[in-house]
Each structure stands twice: as structure tokens, then as C-alpha cells.
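See structure below.
The values are calculated or read from the model by the stated rules, or taken from the named source; none is laboratory data. As the structure is a computational prediction, the values presented were derived from the model and not from experiment. For neighbour counting, all protein chains shown are included, and Cβ atoms are generated from backbone atoms with ideal geometry for every residue, glycine included. These area figures cover heavy atoms from the full protein model, side chains too; ligands, DNA and RNA do not enter into them. Shrake-Rupley method; radii C 1.70, N 1.55, O 1.52, S 1.80 Å.
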Amino acid sequence: MMRLIVGLAVGVLAVACSSLKTETTPDPSPVARLEALPTADQAIWRKQVIYLSMPDRFFNGSASNDNLGAANCYDPANTQKFHGGDWAGLRQKIAYLKDLGATALWVTPANKQVGNVNNSFGFCGYHGYWASLANPDDGALEPKMGTAADLNGLITDLHNNNMKFILDVVVNHAGYNAPITSSNPTWFQTGPCPDDITCPLAGLPDFKHQDTNAATYLTNMSKGWAQRHALDGIRMDTVKHVLPSYFQNSWVPGIRSVKNNMFLVGELLDAGSLSRYTTYLNTGFDSMFNFYLRSALVDTFAKAGSVDGLAARVQDTITTFGLNQALLMTNLLDNHDVPRFTNEPGFGVAEADIRARHNLGLSALFTLPGIPQIYYGNEIGMYGGTDPDNRKDMPTWAFDNATRASASTGTLTMSNPNLTYNHLKKLGQIRAGTPALYDGYYAEMWRQNGSGANVYAFYRGSGSSRVIVAFNNGTAASGNIALDIQANTGINAADRTALTNGTVFTDAIAGGTATVAAGKLTINIPAQTAVIYRAGATATSTNSVVTFKVRASTTFGQNIYLIGNVADLGAWNLANKTLMTASNCTGSTCDWTVTKNLAQNQAIQFKFTRDNTYEGGSNRSYTVPAAATGSYNGGNFQ
């Protein structure tokens, strides 16, 4: 039964950085939290949207460096070799990243890579995780990516666009047969490997961090990156394979000595519990990638499960870490070490269903407590299984609105990739303009509790920014669900006082409204839909909430809009038309709906448009009822 919730606040050589070894021992012993050193500016980093790019697979900005460095490692037809992407390519696409809404760029490691690992199969370190380390550290960059000037130019360009740069760094291992393995063989683990820390990952030379000289070398190497390049953050690879004491006593203090407000985020690929996250956060990291939450997002949305598991893990994250740390956790749907979210539904699921599930996942990513991380291709609905299938080249048509709209996507992405791009972009705009979503506290309002409508709802609040987010993960409309505001003690007293009867909440995604009555907000959510209701002004008694619906077909990149003769419908100005939301699609034909708050008893004239092209026939007409709600079913697009 539905219940109100009150007061709950691959082949060995192919592996690059994924932490996929079998667990054989308990977590490392907990360490006391490191409090003495400065940390990153929480207020700044909470606002970020991080975009992960594997530079080699993003865009080739300069063909002149394609064949530099290790021989026989450039082959765009080989999934395990370099494809030509570089720093120059990223520099050329900053405007694209900014338009999408990304505010921080995370790139995989910049180190020079070892050569061809296996001539029979042709494995090369295109991903950056097989560093050709030497002692003394030479800070060598991978030549196929460009020069130090190219990298610094990228960072400067990002900063000029008010964006941040996060560099991936590895201290767990060196590349296969890297020079340092010969010059300093005692720095590496040998013999039995009973646990994650002592076992080599994918057979890579595994550093012995308890060796003082090895630890000093690795910390100084990392400091060198921060000294030579204006980094804003470091993503630390494979933290669970490294002694916590090394990070606490050597690495974190070393980095903070170079730049005391560097954002430090660790990769801990562990979906089982939060205990190990606590251990490594205590060493001084600002954030961890929340694979614990990612697992629930996959099970709930990608696999169409109950929302209960997701609600439980969100609450567990906040209870375990506290709100401040939860707001700094980095959330993700996927990255280069796991299958893409669009592949998680499995075989036989219709594309329209995958799109709906993906949109739900993206909506959760941008509204739950934490920093959203996008993986290149998320914005166009790219498909991909396990490594290397999840590391395909970003298609060149993706970077321009016109070519995205007309692209023949094949099996690379979902069709009509502009639908996904526009949805993700809008979510970024909503989050950036809603402090409650990046800075606000959290209070659960509804979960399925095992039966009934598969709905999850929660409240976020920060000052005068007040939001109710809800997800209908079912295949039918939710029916009326009354979200009790006044009885929910997880919502603070000031917010409950402000949200009086008559307060109007407006859905920032589709534009529909709902009004507080009897201390509750009653909503009815369409199937497989998310709503982001932002509190606004108090409603007048002369308004009616009207839902408009039309059945229409579209081609790649097209959308359906509503426009009419009154101000609330755009006053026939196409610049002010209202975007409608697609559902119940059969091929390219969908039901398009939108909800508007209109004055009662007024006679309106309106039409639907396909982008900026009006439908045929005469104007449609409708008289808004003298009631709280109304509906208009327009049949087919004319």
C-alpha cells in the first residue's frame, strides 16, 4: 500500500581504471577524520555539473599529433588503440560543453602512456591509465594528446568561460613494463595478494605505498601536476586499492600544500555499502563518486524496479554522511568503467521505454543531493555495454544543433538525440536557477512501500527556494497523491509556515501547476515522468489548471508546442510558445501534453506548432471552466 513518509530526512589487458577485483578481505581499518587541512570551497563545488570526457574519444582537433609517441598505437578502427582526440579538440568544443550546462570538465589522465602492450591484440593506453612512469618523475605528457601548451591552453580557455578543470591522477599503479618497474622494483607489491590493496589490478604493477620512498615519489609526482598546470580539482583513480593511511599522511597534505582548496574526489567502485566511503572520506577527500547510489538508480529506473530501494539509499547516504557531505558526493548514471545507463534495461526493451527510463535517471541525477556527473554521450542517449563498448567515439554530428536534429544515429544512440540533449540541458538550467537543488536540505515525502503507485517524492529547501520533486516510475498515471507538507517534520518549520494553503507550485520541466490545499500538495503524475515543482506565489481563486493534449508525429529534433491569443499562452509570439512533453509514443507519433494555469471563464484561441510551424486549419477554441481543473484533448495534430 502507498504510504506517506514523514520526517525522513573484461579481459585483463582491456581494463583501464575499473576496480573490478573480487572482494576477499574486510574493508581497511577506519581512520580518524582528517580535519586539520583546508578543503575545497563547498559552496562553489555544490553548484557544479561535472562532464567526464575521455579526450581520445571526444574530438580530433589536430591530426598532426595522431602518430606521435608510441608506434603502432593510432588506429581509429581498433577499439583498443588511440583514435585521435586531443586537447585541441576539447578546446574547440568548450562552447558545446557550456551550452549543455557543464561547469567543470574532468579528463582522464594526461600521462605519457606505455607502448603497445600486446602486439597480437594491439592494446594501447588511449584511456590514460597505463602511465609510462620514470624515476625521477619527468612529468611527461602523452604526445598524441598534444603539448603542455595545448593542455594549459585548454585550462585557460575553460577558466575564461568560468568553468573548472579536473585532472585524473593515478597512484595505485604504473603502466605495464613502465621504466620505473625496472629502476625501482622494490616499490611494487609481490607475492600473495589477499586483498584489494595488495593485489595488482588487471595485472598492472601495483605500488607498495607503505614504502616511504615510493610514497614520496607518488606524492611529489601528483604535486607536479598541480604545480605545472592550473588544476581546480583532482579525480583520484582506484582509491580502494591504496592504503588509506597513504592518502591521509602523505598525498592529501602534499596536494593541499600546493593548492589548499583543490577539489579532491575519489573513485571507489563499491555498490555494496557506504562503510568504505567513510574510510576514504576521512583521509581528506572532499567527495567520492557515489556508486552506492548509482546502483539504486540503475535498479530503480533503468531496470524499472521499485522506487523503495532508491529512496532507502538516498536516506542512508544522508544519515551516514550528514547533509553537508551528502551535498558534495558526486552522483552518476554511468562512466567509462560501467555499462552505459541506456544499456542497463537489457535486450528487448523498446526505445521509447529506454528513453523514458533514461530521462527519469537524468532527472534524479540533477535533483537529488549531490554533484551531478555527466559522461560524454549521456546527452545524446549513447548506447554502450562494458569496456570498450562504453568508450565509442563521440559522433561529430553531436556538437551542432542542426546536425544533431538530422543525424542518422544507427545503433550508436537513441533516435532523435536532440530530445535527450534538450532534456539534459533544461535540467541543468533548472538546477542552476534553483538553490534548493544544489544547496538545500532533503526530506522524503513519499515512497511506494512495496505496493501501489511506484512513486517517489521528496522536498528540497534552501532559504526561499522550495521544491518538491516526484517520480512516477510506473507505466500508468499515478492517480492523485496527496503530499503532506504540514505534517512532515522533515520540512523545517519556516518552510511549512511559508507554504500556506493557496501556494502554487509550478513544474519547471513541463509547466504544470499544483496548489497547496489543506496543508497538502495533491499531484497526479503521468507514467514514467518526473516533475520538479517549485513554490511560487499564492494562487487566486479565479484560476484553473488546464491540461492540453494532442497526438502528433515528429522527425528528428522536432518538438510540439502550444501557443495562443492570451499572455499565458504566448500571445501568438512564437518566441513565447510553450514546450509540450511527449509520452505514449508509437514510432515517431506521441501524445504531447502540457498543463497551464489560466483565468477561469475566459474564451481562448490557440494552436499547436511543430517547432515554429503552425498546424493547419482554423484556430482551436476553448473556454476555461469555472473549476480548479480542466482538460482539452485535441485529437490529432492538424
Q: Enter the accessible area per residue of the chain (Å², integer; probe 1.4 Å; all protein chains in place).
A: 35
Q: Find which of V516, N473, N565 sits farthest along the positive direction of the dipole of the range 432-583, computed with +1 on the beta-carbon of Lys and Arg, -1 on that of Asp and Glu, about the Cα centre.
A: N565
(Q) Give me the one-decimal nm value for the distance between modelled label points at N324 and A140, 7 Å along each residue's Cα-to-Cβ direction. (A) 4.4
Q: Decide, for the range 513-603, between rounded, prolate and oblate: order the square roots of the alpha carbon gyration tensor eigenvalues as a ≥ b ≥ c, take rounded if a/c falls under 1.5, and otherwise choose prolate if a/b is larger than b/c, else oblate.
A: oblate
Q. Taking the Cα centre of the range 209-349 as the origin, how large is its charge dipole in debye, to the nearest 20, when only Lys and Arg (+1) and Asp and Glu (-1) carry charge on their Cβ atoms?
A. 360
Q: Take the Cβ-Cβ distance between S273 and T475 as r, set R0 to 45 Å, and report the resulting FRET efficiency rounded to the nearest 0.05.
A: 0.90
Q.
Treating only the Cβ of Lys, Arg, Asp and Glu as charged (+1, +1, -1, -1), what charge dipole size does the range 482-613 show about its Cα centre? Round to the nearest 20 debye.
A. 200
Q.
As I understand it, the dipole of the chain uses +1 on the Cβ of Lys and Arg and -1 on the Cβ of Asp and Glu, about the Cα centre. Which of L598, A407, N67 lies farthest toward its positive end?
A. L598
Q.
Can you tell me the convex hull volume per residue for the chain, based on C-alpha atoms, in Å³ to the nearest whole number?
A. 151
Q) For a label point 7 angstrom out from the Cα of N67 toward its Cβ, which stretches of the range 141-178 have the backbone nitrogen within less than 15 Å? A) 144
Q: For T500 and W572, compute 0.36 nm times the residue count separating them, minus their Cα-Cα distance, and round to one decimal in nm.
A: 22.5 nm
Q: For the chain, give the magnitude of the charge dipole about the Cα centre (Cβ charges: +1 Lys/Arg, -1 Asp/Glu; no others), in debye to the nearest 20.
A: 1580
Q. So what is the calculated 222 nm ellipticity per residue for the chain, using -39500 (n - 2.57) for each DSSP H run with n of 4 or more, over all residues, to the nearest 500 deg cm²/dmol?
A. -6000 deg cm²/dmol
Q: Report the full-extension gain for the segment A149 to S618: residue separation times 0.36 nm, less the Cα-Cα distance, to one decimal in nm.
A: 162.7 nm
Q: Name the residue farthest towards the positive end of the dipole of the range 308-381 from the options L323, L362, Y375, assuming +1 on Cβ of Lys and Arg, -1 on Cβ of Asp and Glu, about the Cα centre.
A: L323
Q | Among 382-395, 575-588, the order from most to least packed when residues are scored by Cβ within 10 Å on average | A | 382-395, 575-588
Q) What fraction, in whole percent, of alpha-carbon pairs in the range 308-368 exceed 20 Å separation? A) 38
Q.
From the alpha carbon gyration tensor of the range 341-465, can you work out the equivalent ellipsoid semi-axes (sqrt of 5 times each eigenvalue) and give them in Å, largest to smallest?
A. 29, 19, 12
Q. Residues of the range 155-174 with amide nitrogen under 13 Å from the 7 Å Cα-to-Cβ point of K47?
A. 162-164
Q.
Assuming 0.36 nm per residue, please report the length gained on full extension of the stretch A599 to N261 beyond their Cα-Cα distance.
A. 116.5 nm
